[in-house]
Amino acid sequence: MAQKNQEKGAAGNVPVVTEPGRIRNVVLVGHSGAGKTTLVEALLAASGTIGRAGTIADGGTVCDHDPAAVRQQRSVSLACAPLTHADVKVNLLDTPGYGDFVGELRAGLRAADAALFVVSAVDGMDAATAALWEECAAVDLPRAVAVSRLDHPRADFDEAVALCQRVFGDNVLPLYLPMLGDDGESVAGLMGLISRRVFDYSAGLPAAVREPDPQHLPAITEARDELIEGIIAESEDETLMDRYLDGAEIDTEVLVTDLEKAVARGHFYPVVPVCATTGVGLDVLLDGLVSAFPSPLEHELPAVTGVDGSPRPPLSCDPDGPLVAEVVKTTVDRHVGRVSLVRVFSGTLRPDQTVHICGHGMAERGHPDHDADERVGHVYTPLGATLREVTSCVAGDLCAITKSGSAETGDTISAKDEPLLIAPWAMPEPLLPVAIVARSRADEDALARNLGRLVAGDPTLRLERNPETHQLVLWCMGEAHADVLLDRLRSGGVELDTEPVRVALRETLTVPANGHGRHVKQSGGHGQYAVCDIEVEPLPRGAGFEFVDRVVGGAVPHHYIPSVEKGVRAQLERGLVAGQPAVDLRVTLVDGKAHSVDSSDAAFQTAGALALRDAAEKGEPALLEPVDEVVIRVADSAVGAVLGDLSGRRGRVLGTEPDPDAEGRSLVRAEVPATELLRYAVELRALTAGTGTFRREFARYDPMPAHLADQVRKTHP
């Protein structure tokens, strides 16, 4: 994530604030290619934070510093880029737009107090962006819209606004309209609807403000009337609407004040046209971020408990309160080690301070619960990959700390003498497995080290060492996520390969059978002698294994009967015909023979295993495959395609029903063999234009079709 900037101030002025009211935390969201990173770069340059805006093509942007982002020319991780405007620090949080990196997006939402949706005037938006709007609405996160890429020949601002209004709903209204230049094609300025002034960018930033030309007045008047009605409808002054309807002129300051209040409350969503390459709209967007978006003092903070889960009073954004902060992102930099991006919710984080770091509730994803007291070395304000040292970080602000031995994404940082735990944010389940194998013994050691770093920084990654298939599996969000993870492992000096993911199967017998095991060897001295006869019969699915002793007359001495059972169990684990563990069988020991000298525990174990193998040749063995119960959440329009696809996966649809949490979406319930779900995370996304999600849970084992079972048996040596 970062490398320490050794020259103080080399990357621009370091914004340091001591009052939460002078901070804005804004997360930029939108689909991949909408122009979020380019817009952040332009805002940094417009505010004087950087001297010149870099480009994605040359890999020189502040936020896309990750080597994978440079190579793919798209954001793959969360980045923080603070700037100062009007004596207010604005922490811009640039998030990836591609669905595979939803974990980075969720972290950005957690750290922010408002969201800026970036919508391309060329490409519109994807369905995932629409779903994200609803997600923000559910938590009352204030939102605004920036319509980007106005300089493109196919840009259509009016259509982009109309699309936002159709998808996002009411109170999505523009504050400005684009103004064309003398050529009639390029956007040279903006027409302010509230101020009824023109912002002319022909000479660059800042805009020259002047009266509108006569030909602009009709468009301004029409759009202004709609805007004013929207603002007044959200006003706390109930007399405004009556005055407006009576023809009274509403004072501009009143409109601006009511607009800012409505935006901060999350009830009104202004639209601002911007062009990162020409500078159009950058200054008015900065003004809006500072004046209309809420400070941390106005945003509800997450709930906290004691480390033991005991209740604690709600937090307040008070620099003098108890220290409570959260690690929203952790990376490992080859120069400075572990770097953690931290949002401070309460108190003040200072260098050389001893704090308590704890993480709970993520053990199933490879993050064991942990608690540790550590000393914070230095505190930095990050600017993309650059760390700039500061003297403190107050409640409401974002900072970075380095060289923590235990901090992971999602961990809580609190006072040593009063450790607390923040309720974790929701993370989707990774559902695309990728099996990896190191090429050499030396690579295995390097792989173990690098996997620890990946797991510490990425809560959407689940690491599994499957004890049945003996594979090391990375559970990822999708192919792009997997590519980035593999690239980071390889860049850490690990030579590795991927291999097909194997699904753990089971074997059983479908009809009763008898088995005879005879293990007799004589090679001088004590020999080996054991004979046993068994009856094997199938049990109902899920019944497990039963061993029954029906030996009479001491044919098998009593102290060797456990040896037979042990041998049978060992053979069950090794499998019957395909090397898969055998289940749901009752094995009854009915007869046998022993030798007074040559019989032994080992001999009867071997005889028991041989008897089971003999029975397997007669008992019509079958392979069992795991079947998962799947719940798929899709738009109503995609239900038919999903049902047809499930049929091709040997799925059994249990039913469909309306999604109780979202209008226009449905839940499809089905049972699907696990072998058919290995790439379903990728294929469902393609089938539903990125909007479909699913969750899975093991249901049972069912017999595998004969032609597929034969293929598995052929691969078994």
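Residue count for the range 530-556 satisfying the condition of being small (Gly, Ala, Ser) and within 23 Å of Thr510 (Cβ to Cβ): 3. Within the range 19-33, residues that are of a type in the set (Lys, Arg) reach partners that are open to solvent by less than 10 Å² (accessible area, probe 1.4 Å) and part of a helix (DSSP H, G or I) with beta carbons closer than 7 Å, at six or more positions or on different chains, in the pairs Arg24/Leu289. For the residues Ser235, Ser186, Ser195, the requirement of being open to solvent by less than 60 Å² (accessible area, probe 1.4 Å), at pLDDT below 90 and touching a helix residue (DSSP H, G or I) at 6+ places or on another chain (Cβ under 7 Å) singles out Ser235.
Across the range 107-127, the qualifying residues are those that are over 23 Å from Arg265 (Cβ atoms) and at pLDDT 90 or above, and the one among them that is most open to solvent (accessible area, probe 1.4 Å) is Val122. In the range 356-442, counting only strands (runs of 3 or more DSSP E) that sit wholly within it, the ones holding 2 or more residues that are in contact with a Ser or Thr (Cβ under 8 Å, 6 or more places away or on another chain) and farther than 27 Å from Glu298 by Cα span 370-375, 386-390, 432-438. Reported count of residues in the range 600-634, each being closer than 19 Å to Ala504 by Cβ, among the hydrophobic types (A, V, I, L, M, F, W, C) and touching a helix residue (DSSP H, G or I) at 6+ places or on another chain (Cβ under 6 Å), is 1.
Note on the range 152-174: residues that are open to solvent by less than 30 Å² (accessible area, probe 1.4 Å) and touching a strand residue (DSSP E or B) at 6+ places or on another chain (Cβ under 6 Å) amount to 6. Filter the range 472-489 for residues that are out of contact with any helix residue (DSSP H, G or I) (no Cβ under 9 Å at 6 or more places or on another chain) and either in a helix (DSSP H, G or I) or over 26 Å from Gly99 (Cβ atoms) (or both) and give the result. Result: Leu486, single match. The test for being open to solvent by 40 Å² or more (accessible area, probe 1.4 Å), touching a residue at least 12 places away in the same chain (Cβ under 8 Å) and among the hydroxyl-bearing types (Ser, Thr, Tyr) holds for Thr84. For the range 390-436, the tally of residues that are on the phi > 0 side of the Ramachandran plot and not small (Gly, Ala, Ser) stands at 1. Mind checking which residues of the range 320-340 are more than 19 Å from His356 (Cβ to Cβ), out of contact with any helix residue (DSSP H, G or I) (no Cβ under 6 Å at 6 or more places or on another chain) and open to solvent by less than 60 Å² (accessible area, probe 1.4 Å)? Within the range 320-340, Asp333, Val336, Gly337, Val339 qualify. Under the condition of being among the hydrophobic types (A, V, I, L, M, F, W, C), over 51 Å from the mean Cα position of the chain (by Cα) and open to solvent by 50 Å² or more (accessible area, probe 1.4 Å), the residues counted in the range 506-562 number 2. Assessment of the range 259-276 against the conditions (of a type in the set (Asp, Glu) and more than 34 Å from the chain's Cα centre (by Cα)) yields no matching residue.
Is there a residue being in a loop (DSSP other than H, G, I, E, B), in contact with a strand residue (DSSP E or B) (Cβ under 8 Å, 6 or more places away or on another chain), farther than 19 Å from Val119 by Cα and open to solvent by 10 Å² or more (accessible area, probe 1.4 Å) anywhere in the range 39-47? Checking the range 39-47: at least one residue is in a loop (DSSP other than H, G, I, E, B), in contact with a strand residue (DSSP E or B) (Cβ under 8 Å, 6 or more places away or on another chain), farther than 19 Å from Val119 by Cα and open to solvent by 10 Å² or more (accessible area, probe 1.4 Å). Comparison of Asp445, Asp417, Asp458, Asp411 shows that the only residue that is among the charged types (D, E, K, R), buried (at least 16 other Cβ atoms within 10 Å of the Cβ) and over 15 Å from the mean Cα position of the chain (by Cα) is Asp411. Tallying residues that are surrounded by fewer than 17 Cβ atoms within 10 Å (Cβ to Cβ) and closer than 24 Å to Leu341 by Cα within the range 464-489 yields 1. In the range 60-70, of all residues being surrounded by fewer than 20 Cβ atoms within 10 Å (Cβ to Cβ) and without any contact (Cβ under 8 Å) to a residue 12 or more places away in the chain, the one that is nearest to Val332 (Cα to Cα) corresponds to Val70.
Do you know which of the residues in the range 593-621 that are touching a Ser or Thr at 6+ places or on another chain (Cβ under 8 Å) and of a type in the set (D, E, K, R) is surrounded by the fewest Cβ atoms within 10 Å (Cβ to Cβ)? If we take residues in the range 593-621 being touching a Ser or Thr at 6+ places or on another chain (Cβ under 8 Å) and of a type in the set (D, E, K, R), then Glu620 is surrounded by the fewest Cβ atoms within 10 Å (Cβ to Cβ).
Table: residues versus (1) among the aromatic types (Phe, Trp, Tyr); (2) out of contact with any helix residue (DSSP H, G or I) (no Cβ under 7 Å at 6 or more places or on another chain); (3) farther than 19 Å from Ala223 by Cβ; (4) open to solvent by less than 10 Å² (accessible area, probe 1.4 Å).
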{"residue": "Thr257", "(1), (2), (3), (4)": "no, yes, yes, no"}
{"residue": "Arg265", "(1), (2), (3), (4)": "no, yes, yes, no"}
{"residue": "Pro273", "(1), (2), (3), (4)": "no, no, no, yes"}
{"residue": "Pro296", "(1), (2), (3), (4)": "no, no, yes, yes"}
{"residue": "Glu300", "(1), (2), (3), (4)": "no, yes, yes, no"}
{"residue": "Gly309", "(1), (2), (3), (4)": "no, yes, yes, no"}
{"residue": "Arg312", "(1), (2), (3), (4)": "no, yes, yes, no"}
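Looking only at residues that are among the charged types (D, E, K, R), out of contact with any strand residue (DSSP E or B) (no Cβ under 8 Å at 6 or more places or on another chain) and under 19 Å from Asp126 (Cα atoms) in the range 652-689, which one is surrounded by the most Cβ atoms within 10 Å (Cβ to Cβ)? Reasoning before the result, please.
Just the residues of the range 652-689 that are among the charged types (D, E, K, R), to begin with: 652, 657, 659, 661, 663, 665, 669, 671, 676, 679, 683, 685.
This time we only want the ones that are out of contact with any strand residue (DSSP E or B) (no Cβ under 8 Å at 6 or more places or on another chain), so: 661, 663, 676, 683, 685.
With under 19 Å from Asp126 (Cα atoms) added as a condition, the list becomes 663, 683, 685.
Details: Glu663: 9, Glu683: 15, Arg685: 20.
It comes out as Arg685.
Counting only strands (runs of 3 or more DSSP E) that fall entirely inside the range 498-545 and contain at least 3 residues that are touching a helix residue (DSSP H, G or I) at 6+ places or on another chain (Cβ under 8 Å), the qualifying elements are 513-521, 528-538. Of all residues in the range 553-600, those that are out of contact with any Leu (no Cβ under 6 Å at 6 or more places or on another chain) and assigned to a helix (DSSP H, G or I) total 14.
Against the numbered list (1) out of contact with any strand residue (DSSP E or B) (no Cβ under 6 Å at 6 or more places or on another chain); (2) open to solvent by less than 20 Å² (accessible area, probe 1.4 Å); (3) touching a residue at least 60 places away in the same chain (Cβ under 8 Å), Thr391 comes up short only at (2). The set of residues in the range 632-651 being open to solvent by less than 30 Å² (accessible area, probe 1.4 Å) and either among the polar types (S, T, N, Q) or over 15 Å from Thr691 (Cβ atoms) (or both) consists of Leu646, Arg649, Gly651.
The values are calculated or read from the model by the stated rules, or taken from the named source; none is laboratory data. Note that the structure is predicted; figures quoted are calculated from it, not measured. With ideal geometry, Cβ positions are generated from the backbone for all residues, glycine too; neighbour counts draw on all protein chains shown. Ligands, DNA and RNA are excluded from the accessible area calculation, which covers all protein heavy atoms including side chains. Shrake-Rupley method; radii C 1.70, N 1.55, O 1.52, S 1.80 Å.
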